[in-house]
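Notes to accompany the following structure.
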Amino acid sequence: MSFLKDLIPQRLINLFWHLSKAVLANLIYGFPSKELTVIGITGTSGKTTTAHLIYHLLNKSGFKVALISTLSAKIGDQEIGTGLHVTSPDPFLLQKLLKQIADKGYNYAVLEVTSHGLDQYRTWGINFTYAILTNITHEHLDYHKTFKNYQHAKLKLIKSATIAVLNKNDKSFLSAKKSASGKIIPYSSKSSYNLPLTLLGDFNQANLSAAVAVTKDLGLKGESIKKTLKTFPSLPGRMEFIQTKPFTIIIDFAHKPDALEKALKSIRNIKKKKGRIISLFGSAGLRDKQKRPLMGEISARLADITVLTAEDPRTEDVNQIIEEIYQGCLKAKAKNIHKIPDRQQAINLAIKLAKPDDIVVLFGKGHEKSICFGKIEHPWSEHQAVEKALKLKK
């Protein structure tokens with residue numbers, strides 16, 4: 001398909017190639033979503049946490065619910081991988097999973113939905129009861145070309161659902177409200193519920209508010225929600241604390257300007273005056289290049305030390321990617337910037353620099369199990385990389 005991109009507009013590829021795949025997948029598996037209450041979550045950030053919150057609240061409250069997210073698909077005790085660097089699976093896998101969910105007697109499916117998935121009709125034929133829009137900020141302009149196109153793709157989910165659950169504090173609210181075809185449930189970025197310890201950061205208040213809005217509409221009561229929240233587990237690679245003494249190490253999946261800024265601001269709030277923040281990240285190759293200097297400026301402004309490194313450079317030159325991020329660092333007039341293309345060596349340095357009370361935050365890879373150089377996915381574990389770095393520090 002790659003040679004077609006230079007000859008045929010993306011919208012025509014989507015219409016004739018991706019849509020035909022989605023139609024065929026639905027015909028093969030018999031439109032399984034018609035047997036389910038499907039809860040779709042889209043947005044630039046917060047999708048995974050919101051999806052897992054809804055799943056946890058419903059599951060622990062006795063609902064027959066399954067989950068398809070960035071991390072994996074959960075159908076009862078079964079956990080199924082959905083692929084590398086994937087949020088919205090291929091329509092054949094997606095319809096197969098929904099068929100399994102329906103055949104096993106589940107009534108509810110919680111599904112993360114990306115702008116790519118919406119634009120490429122991967123979710124075509126799915127009967128969405130709820131559509132949650134967390135936010136719309138700068139991302140994926142390499143694919144969508146303009147912010148308007150990106151926003152349009154996100155709003156396709158809102159148009160297709162019976163009930164739209166919208167963040168009234170996000171800039172997307174009015175556009176989303178106009179796009180909604182049915183009932184609208186607005187929610188606030190601030191929740192009246194206390195966040196569990198596994199959810200660090202004010203930004204997770206909005207994710208929790210969205211989850212509460214949906215589960216309350218499905219009949220859960222406030223006291224039940226409060227009780228169940230206390231058992232919410234930490235999510236791999238989502239503000240995941242690896243250690244807290246003598247210095248703290250956090251692994252987080254943030255790979256967009258908005259998510260990076262919110263994460264660093266939250267970390268600065270918990271740090272108060274003690275220690276320094278050491279921020280490590282890169283930017284994916286063959287993806288949105290415009291965000292690179294934005295992220296450099298954010299880290300240079302909010303962290304004390306920034307380490308720039310590889311994050312799936314693919315066929316781009318990793319040094320060139322780092323240089324583009326670095327240009328943003330220069331705007332913030334930061335001095336403590338390190339350029340280390342090898343991610344393991346970069347993590348080694350970040351942890352070597354750490355002193356008591358410092359916080360080391362590794363951004364961009366999170367839960368992912370591979371890192372892409374050229375066209376090859378190489379095995380990668382952020383957790384194992386931290387273990388290696390800690391052994392070297394001793």
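Observations on the model:
- Only one of 176, 153 that is modelled with pLDDT of 90 or more and out of contact with any Phe, Trp or Tyr (no Cβ under 7 Å at 6 or more places or on another chain): 176
- Within segment 90-124, being assigned to a loop (DSSP other than H, G, I, E, B) and either under 23 Å from residue 151 (Cβ atoms) or at pLDDT 95 or above (or both) holds for 104, 105, 106, 107, 113, 114, 120, 121, 122, 123, 124.
- Residue 192 meets each of the listed conditions (1) outside any loop (DSSP other than H, G, I, E, B); (2) among the hydroxyl-bearing types (Ser, Thr, Tyr); (3) surrounded by fewer than 14 Cβ atoms within 10 Å (Cβ to Cβ) apart from (1).
- Residue check, residue 311 modelled with pLDDT of 95 or more, in the same structural domain as residue 366 (by TED's automatic domain parsing) and not in a loop (DSSP other than H, G, I, E, B): no
- Yes/no for residue 244 being outside the structural domain of residue 71 (by TED's automatic domain parsing) and either over 23 Å from residue 349 (Cβ atoms) or out of contact with any strand residue (DSSP E or B) (no Cβ under 8 Å at 6 or more places or on another chain) (or both): yes
One line per residue, one yes/no per condition, for (1) more than 26 Å from residue 275 (Cα to Cα); (2) within 18 Å of the chain's Cα centre (by Cα); (3) in contact (Cβ under 8 Å) with a residue 60 or more places away in the chain:
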site	(1), (2), (3)
343	no, no, yes
351	no, no, yes
362	no, yes, yes
369	yes, yes, yes
374	yes, no, yes
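- Hits in segment 286-308 (condition: at pLDDT 95 or above, under 27 Å from residue 375 (Cα atoms) and of a type outside the set (A, V, I, L, M, F, W, C)): 292, 293, 296
- Just one of the numbered conditions (1) surrounded by fewer than 18 Cβ atoms within 10 Å (Cβ to Cβ); (2) at pLDDT below 90; (3) closer than 22 Å to residue 110 by Cβ is not true of residue 198: (1).
- Residues (out of contact with any Pro (no Cβ under 9 Å at 6 or more places or on another chain), more than 14 Å from residue 54 (Cβ to Cβ) and either of a type in the set (Val, Ile, Thr) or not assigned by TED's automatic domain parsing to the domain that holds residue 172 (or both)) located in segment 184-225: 184
- Count of segment 265-281 residues which are over 23 Å from residue 318 (Cβ atoms) and in contact (Cβ under 8 Å) with a residue 24 or more places away in the chain: 11
- One residue alone among 252, 288 is buried (at least 21 other Cβ atoms within 10 Å of the Cβ) and among the acidic types (Asp, Glu), and that residue is 252.
- With a requirement of 1 or more residues that are more than 17 Å from residue 119 (Cα to Cα), among the polar types (S, T, N, Q) and at pLDDT below 95, the helices (runs of 4 or more DSSP H) lying completely within segment 1-83 that satisfy it span 47-60.
- Whichever residue in segment 282-308 is assigned to a helix (DSSP H, G or I) and under 20 Å from the mean Cα position of the chain (by Cα) and, among such residues, is nearest to residue 358 (Cα to Cα): 299
The values are calculated or read from the model by the stated rules, or taken from the named source; none is laboratory data. Owing to the predicted nature of the structure, the values given are computational and were not obtained by experimental measurement. Every residue, glycine as well, gets a Cβ built from its backbone with ideal geometry; the counts of neighbours run over all protein chains shown.
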